[in-house]
Amino acid sequence: MPENAVQFRIPFYSAFRNPHSAFIMIRPLRQRHRRMITIIGVLLPIAFAAGIAARRPAPTVATLPTALATTQRHFEAVEWERADLFTKTPIQVRLLRESAGSGHFAVEFSATRDFVKPDLIVYWVAVGTRITDTIPDHAFLVGSFNSSAALPLPLEAGSASGVLVLYSLADHVIVETSKSLTIQ
């Protein structure tokens with residue numbers, strides 16, 4: 001064995017035996033950490049399961065309060081049906097009324113299956129309002145673009161001309177604006 005190996009080995013080995021050495025702390029710390037991890041490994045899943053079991057159930061409401069409940073309107077009379085209101089997208093629009101000659105108005109949309117836009121919302125904007133990249137402040141929210149439900153128009157739509165604006169909530173962009181339409 002070379003002389004350097006013996007000289008190196010002796011001080012290293014004697015460090016374990018010296019009570020003032022830092023190496024003497026390794027074994028007790030490892031033993032303490034092993035006990036702590038074992039206890040945590042047993043108690044943590046038990047505490048997690050107890051926490052899940054002690055959770056309160058989510059509150060549910062059988063019916064909506066009267067202030068939030070909406071009455072379902074039935075729009076039976078078709079006033080007109082147009083496919084030329086939107087120039088960029090093939091959307092067919094039907095103007096419906098509660099009864100022939102009287103009642104509130106609603107619009108119903110139908111589009112081809114390949115017309116897919118995320119979170120499309122319909123707004124009514126009075127004619128003369130400048131529409132830029134965002135929805136004007138005084139636009140009326142008609143509802144979510146849905147081909148299976150009629151969307152009631154605001155009362156102002158019956159007295160003034162306006163446009164329908166399709167807005168993508170996911171993209172924050174106006175998809176398309178319809179031609180001006182007058183409802184009477």
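Summing charges over all other residues whose Cβ lies under 14 Å from the Cβ of ARG82, with Lys and Arg as +1 and Asp and Glu as -1, gives -2. Each label point was placed 7 Å from the Cα along the Cα-to-Cβ direction; for ARG56 and HIS172 their separation is 3.6 nm.
Sort PHE140, PHE48 so the one with the fewest other Cβ atoms within 10 Å of its own Cβ comes first. Arranged by neighbour count, lowest to highest, PHE140, PHE48 become PHE48, PHE140. For the range 87-175, trypsin sites (Lys or Arg not before Pro) meeting the loop criterion (DSSP other than H, G, I, E, B) and having at most 10 other Cβ atoms within 10 Å: LYS88, ARG113, ARG130.
Ordered by the count of other Cβ atoms within 10 Å of each Cβ, fewest first, THR177, THR38, THR132 give THR132, THR38, THR177.
A short reminder: the numbers here are calculations on the coordinates, not readings from a lab. Since the model is a prediction, treat every value here as computed from it, not as a measurement. FYI the Cβ positions are ideal-geometry reconstructions off the backbone, even for glycines, and counts take in every protein chain you see.
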